Amino acid sequence: MSDGVSPEEFQALVSEFRASLQELGRSGVCSVSGLSGGTVEIAEALASPPASPPPASSPPASSSPPSSAQAIGGTLAALREDMGDCQRCSLGQSRKSLVFGVGSEKARLMFVGEAPGAEEDRLGEPFVGPSGQLLDKMIGAMGWSRKSVYIANVLKCRPPNDRDPKSEEVASCEGFLAKQIQRIQPAVIVTLGKPAAHLLLENKASIGALRGVWLSYEGVPVMPTYHPAYLLRDASKKREAWADLQQVMARCEELGIEAH
Ligand code: SF4
């Protein structure tokens with residue numbers, strides 16, 4: 001049965017067919033050839049109840065592929081909802097805000113920092129303090145914007161007095177960053193500073209040794225560079241950081257990704 005036949009058309013065809021059989025029967029014909037090559041007894045066919053019309057056809061499946069977020073089982077919003085008022089480590093007690101991340105869920109370029117600072121903790125958004133302003137300039141100089149990339153931290157809560165993250169805090173929180181990356185599926189990741197590089201690259205070399213060299217996280221190219229907060233303390237490193245970002249721009253171009 002063609003998908004293009006409506007239930008009404010189907011019923012009309014059945015009625016027409018039964019009328020033809022009745023006409024043949026009245027003419028003394030007892031059987032006709034079936035489509036499969038066998039014979040159909042007219043009396044038997046007329047005794048059978050009319051076939052039911054086909055069920056209304058289901059709407060055609062969407063030809064568009066599922067979004068990356070759907071493909072791996074959820075959206076960033078759903079992940080944030082799952083985290084709730086996270087208390088998986090002690091930072092949940094001291095934070096003001098859980099700083100999840102900011103930017104486009106479809107970002108091709110993602111920046112990963114260390115942990116929220118005081119301003120981020122107050123406002124609930126990553127990289128909004130002085131180092132965030134510098135990061136915005138760096139992103140802008142690459143031709144991108146804060147809205148077109150995605151920015152997140154390894155830790156979602158501020159360590160007291162901006163101390164270094166503890167290994168148990170990173171262990172408690174790292175799964176959230178992994179899920180963010182899975183859901184966004186960026187083409188290129190830039191890690192900012194040592195903790196982000198160490199976590200994603202499982203490499204404990206100094207940031208001075210790691211930066212400027214392409215590495216990989218789950219098949220995604222990763223460029224480690226300095227944290228903007230470090231660049232604010234040592235402006236002489238800005239040249240190296242810019243060289244790293246230029247490599248990122250070149251890689252995006254190779255991958256056919258336009259800055260926007
Ligand atoms: S740092 Fe991460 S694991 Fe710890 S409370 Fe915050 S969100 Fe939860």
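What helices (runs of 4 or more DSSP H) completely inside the stretch 170-260 contain at least 1 residues that are within 27 Å of Met83 (Cα to Cα)?
Filter on the stretch 170-260 gives 194-201.
Please enumerate the residues belonging to the stretch 120-154 that are among the charged types (D, E, K, R) and either closer than 22 Å to Pro186 by Cα or modelled with pLDDT under 95 (or both).
Glu125, Asp136, Lys137, Arg146, Lys147
Out of the stretch 167-185, which residues are surrounded by fewer than 18 Cβ atoms within 10 Å (Cβ to Cβ) and within 15 Å of Val222 (Cα to Cα)?
Those that are surrounded by fewer than 18 Cβ atoms within 10 Å (Cβ to Cβ) and within 15 Å of Val222 (Cα to Cα): Ala178, Gln182.
Is there any pair linking a residue in the stretch 77-101 that is under 15 Å from Asp162 (Cα atoms) to one that is near the ligand (Cβ under 6 Å from one of its atoms) and part of a helix (DSSP H, G or I), with Cβ under 6 Å and at least six apart or on different chains, and which?
Leu91/Glu169
As an exercise: evaluate Arg88 against (1) surrounded by 10 or more Cβ atoms within 10 Å (Cβ to Cβ); (2) more than 22 Å from Ser145 (Cα to Cα); (3) at pLDDT below 95 and give the number of the one condition it does not meet.
If we test Arg88 against (1) surrounded by 10 or more Cβ atoms within 10 Å (Cβ to Cβ); (2) more than 22 Å from Ser145 (Cα to Cα); (3) at pLDDT below 95, just (3) comes out false.
Is it true that Ala196 is modelled with pLDDT of 95 or more, away from the ligand (no atom under 16 Å from the Cβ), of a type in the set (A, V, I, L, M, F, W, C) and assigned by TED's automatic domain parsing to the domain that holds Ile139? Outline the logic, then answer.
Details: modelled with pLDDT of 95 or more: yes; away from the ligand (no atom under 16 Å from the Cβ): no; of a type in the set (A, V, I, L, M, F, W, C): yes; assigned by TED's automatic domain parsing to the domain that holds Ile139: yes.
Criteria not met by Ala196.
Under 9 Å by Cβ, and 6 or more places apart or on different chains, what pairs join a residue from the stretch 126-144 that is free of Cβ contacts under 8 Å to residues at least 12 places away in the same chain with one that is in a helix (DSSP H, G or I) and surrounded by 21 or more Cβ atoms within 10 Å (Cβ to Cβ)?
Val128/Glu120; Gln133/Pro228; Lys137/Pro228
The values are calculated or read from the model by the stated rules, or taken from the named source; none is laboratory data. Predicted, not measured: the structure shown is a model, and the values here were computed from it. Cβ atoms come from the backbone with ideal geometry, glycine included; neighbour counts cover every protein chain shown.
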